[in-house]
Amino acid sequence: MEPGLKLTKEDDSSEVDATEYRKVIGCLRYLTHTRPDLAYSVGYVSRYMQSPRASHYQAVKYILRYIKGTTDLGIHYKKGGSNMLLGFSDSSFAVDLDDGKGTTGVVFYFNDGPVAWISQKQSTVALSSCEAELMAANSAACQGVWLRGLLAEMTGRKEEPVMIKVDSQSATALIKNPGFRSTVATQPSISRPLVASTGSRGQLSSSMVGWGAEFVKVLLGTHSTKTEPS
């Protein structure tokens, strides 16, 4: 999708054929299973299937042109790469023009390649960027626990803690230190107990983001894929 593009349901451009719009979106959603770089853009234009406008369809066409110019892209898993699951979580705060909700971005790597990713609008409105980061960390925790069990079942290995790197110092402090107190910690929508409890049971461990976090920005639409449509 065009970098920096902001869409809204309250658009004054002309209406387009909703059936055709949904048909194209359905095809694009299949591609997101093997093209994580499309996850944010396709998810974003999927929000307007009820009453699509010309501006929404223009964004869809941009995605199609991008795909045409990137047919050689794919996921590469390195021989001898790391056989440990490593997750990254990040969020964007209050970016939706219609309801003020943020976006969750999560990606898990195995053998130095992405094996699972999430790019979705958050279910509730966060009151701060820290709260948005905790929502993203919670989504990562759920995904990490499931992947941990799946990997153990497939390989017969003992289940080991999954490292999740969170792009927020305050969110990391809330997860690691149950005694930490802040205004954010009192919000009812905060999901810190789930993230913290999985860590206390040895299922997950968390830390601040270090290397390798650049791709999760693509899942938030805040980092360009640096490939122009042909």
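Among the residues of the stretch 148-194, those that are out of contact with any Ser or Thr (no Cβ under 9 Å at 6 or more places or on another chain), at pLDDT 80 or above and of a type outside the set (S, T, N, Q) comprise 148, 149, 150, 151, 152, 153, 154, 156, 157, 158, 159, 160.
Test of understanding: among 51, 91, 14, which residue is under 17 Å from residue 222 (Cβ atoms) and not hydrophobic (A, V, I, L, M, F, W, C)? Outline the logic, then answer.
Working: 51 fails: under 17 Å from residue 222 (Cβ atoms); 14 fails: under 17 Å from residue 222 (Cβ atoms).
Among 51, 91, 14, only 91 is under 17 Å from residue 222 (Cβ atoms) and not hydrophobic (A, V, I, L, M, F, W, C).
Looking at residue 80 and the list (1) exposed (fewer than 13 other Cβ atoms within 10 Å of the Cβ); (2) in the same structural domain as residue 39 (by TED's automatic domain parsing), which single condition is not satisfied? Residue 80 satisfies all of (1) exposed (fewer than 13 other Cβ atoms within 10 Å of the Cβ); (2) in the same structural domain as residue 39 (by TED's automatic domain parsing) except (2).
Quick one: count up the residues across the stretch 13-49 that are assigned to a loop (DSSP other than H, G, I, E, B) and in contact (Cβ under 8 Å) with a residue 40 or more places away in the chain. Steps first, answer last, please.
Initially, the stretch 13-49 is screened for residues assigned to a loop (DSSP other than H, G, I, E, B), giving 13-14, 16-17, 32-35, 49.
Those still in the list that are in contact (Cβ under 8 Å) with a residue 40 or more places away in the chain too: 13-14, 16, 34.
Summing the residues that are assigned to a loop (DSSP other than H, G, I, E, B) and in contact (Cβ under 8 Å) with a residue 40 or more places away in the chain in the stretch 13-49 gives 4.
For the condition at negative phi, in the same structural domain as residue 166 (by TED's automatic domain parsing) and either surrounded by 12 or more Cβ atoms within 10 Å (Cβ to Cβ) or not in a helix (DSSP H, G or I) (or both), residue 101 qualifies.
Between 43, 26, which is farther than 19 Å from residue 214 by Cα, touching a strand residue (DSSP E or B) at 6+ places or on another chain (Cβ under 6 Å) and of a type in the set (Gly, Ala, Ser)?
Numbers: 26 fails: touching a strand residue (DSSP E or B) at 6+ places or on another chain (Cβ under 6 Å).
Answer to the check: 43.
The values are calculated or read from the model by the stated rules, or taken from the named source; none is laboratory data. Here the structure is a predicted model, which is why all the values come from computation and not from measurement. Cβ atoms come from the backbone with ideal geometry, glycine included; neighbour counts cover every protein chain shown.
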